[in-house]
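The values are calculated or read from the model by the stated rules, or taken from the named source; none is laboratory data. Since the structure is predicted, the reported quantities are computational estimates derived from the model, not experimental observations. Every residue, glycine among them, receives a Cβ derived from its backbone with ideal geometry; neighbour counts consider all protein chains shown.
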Amino acid sequence: MELLNIKCITAKDGNETFEVNGYLLHSKYNPLREAESLIKKEINKQYINVIFGYGRGYLANALVKEKISNEKILFIEPITTFDKYNTKQYDIVFGNNLDEIQEAIDGKLRFFSRKINVICAPNYDKIFSSLYVNVLKKVKDIQSLNVVYNNTVRDLSVTWQENSIRNMLPTYINGSLKVLEKFYDCPVVVASGGPSLTKQLNTLKGIRKNVILIAAGSTVNTLMTHNIEPNYIITIDGSEINFESHFKDLKVKSAELMYASTSHYKIQQNFKNRQYAFLDTRENKYKEHVNKTLGIELPNILGGGSVANFALSIARYLSTGPIALIGQDLAYTEGKTHAEGNKNLKAADSAFLAFQGAFEIEGYYGDKVMTDYSLFSMKESFEEIMKQIEDPNTIFNCTEGGVKIVNIQQKSFGQFCRQFVDRSCEVKLYNAKENKKDLAKYISSAREEIRIYKNIILELKLAQKALEKNTLTTEFAPSILKTLDEVDIKVAKLMKKVVMERINDPITLDVMTNYEAKGEETPEQTYQRVFEQNRELYDRLCKATEQSIQYTQDTIREAEKLMGE
């Protein structure tokens, strides 16, 4: 930050104001009245208000006068010496660290909200123009990414629930990725399906037996088209189209499968070779459940929005050796969406880019390339992984195209192979022992889960009846509140014994965000809003539980079928 010339001046009303580089931060007549006027005009009580500029704290005083909650306010103050005026009434980020600013904004937003209102204090945009532009861009990125996350949760929650339950059977039969933890010390190549993959395939063929090759999801089709079979295929995508398009007719000889609990269950059902299960880092409840009910410990793998994010973390989980990323464009390189041979390949023409909301970003070579917010979220996930991963200095982006991924070293794939790959040393793969599982034990465990689900439904039905019995129009009768509280406590305890987080996520999103007060309400309006909120909660939880019973019954039938073979 450039050197600042800060002068303290006494305003006409006797209060302090400041002049910074010739610009006033507050009125030279009445700073308090100016602050109150700005807050009344600009504040949005339904949004998170990010205020660029704290100064002497007059805006904070105005917010207190308007009774604005700390939950709705975040100040950004570039001048760190103004910390002495901090009254601790509102959260403030001092300085110009964009990572800290993003973390603070994310901390304010709940349920993937994009409701952010930016207010600029007087002249801060002139004094700190570059930082202000970057803050606005960061807010736009957060909003766009939250749209992606929100849509993903809503679109895939039921699919994730079905896959989570139906993948318990293959997990019970095949076991955990944990057996491969640090098993290798050789180089690992992670192949993703970006357009730049094609130019690396000839080099890859030459070192194929000397490295562990991991295919990220549908990339396996491109590799197989060029007669390159990976050692491991990773899948996290829970959509049926992923199974139909990329795995249903997949023919591999020895490649093995690594899958997340969200991966479409038919992929695991149809895959004939060895399989290994793992979990996202957010799946701690599922992890505890699988450990308790099946006696299997699954590793949590740091990932993101792309199977390639998980593939990088898994590569490090498997091997202490160097890692090369190829085909990791995260951009529409040369006007293409994917590498040749990928069934998702499309032309990324101007109409396509406009539809995707594509934008320019720094490329691998310092050039400009086109990406979109879905791909951008994957780039951010890589950068987050690199902050936490072991031995990041042995990881290289060898894509030679696409976006520049910050904090991953760039190296040509040829250089990587010459430096790290010993062509005289063939990698020996982990050889698993056959381990027959007692399917009757699994069926017994699944039936116990159905019993718990049915108890949840009984409690929810009790709450639904209690709601309908309430005859008051401005509040719930004490007996009704007592019943609802008891139901909530019992349901919370029962939910801990089964797996319902995924299918409950959009219910929580809607119930917590769609019923905020829109302003001043009469007692009748408040009661009706809360009544509808509770009714939607119990109705949707009941349906979600019924769906979970159906999925569990499906796994029992599948296990019984396997027992009969």
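What to note about this one:
- For segment 65-88, the tally of residues that are free of Cβ contacts under 8 Å to residues at least 40 places away in the same chain and surrounded by 15 or more Cβ atoms within 10 Å (Cβ to Cβ) stands at 9.
- Among the helices (runs of 4 or more DSSP H) confined to segment 298-391, the ones with at least 1 residues that are surrounded by 20 or more Cβ atoms within 10 Å (Cβ to Cβ) are located at 307-318, 373-388.
- Per the listing GLN143, GLN161, the residue uniquely in contact with a Ser or Thr (Cβ under 8 Å, 6 or more places away or on another chain) and either on the phi < 0 side of the Ramachandran plot or not aromatic (Phe, Trp, Tyr) (or both) is GLN161.
- Selection status of ASP510, among the acidic types (Asp, Glu) and either more than 30 Å from TYR184 (Cα to Cα) or buried (at least 18 other Cβ atoms within 10 Å of the Cβ) (or both): yes
- Residue in segment 244-251 that is modelled with pLDDT of 95 or more and of a type in the set (A, V, I, L, M) present: no
- Qualifying position, being in the same structural domain as LYS387 (by TED's automatic domain parsing) and modelled with pLDDT of 95 or more, among ALA331, ALA315: ALA315
- Scan segment 237-254 for residues that are assigned to a loop (DSSP other than H, G, I, E, B) and crowded, with 20+ Cβ neighbours inside 10 Å and the total you get is 2.
- Checked against (1) modelled with pLDDT under 95; (2) farther than 22 Å from ASN431 by Cα, PHE310 passes all but a single condition, namely (1).
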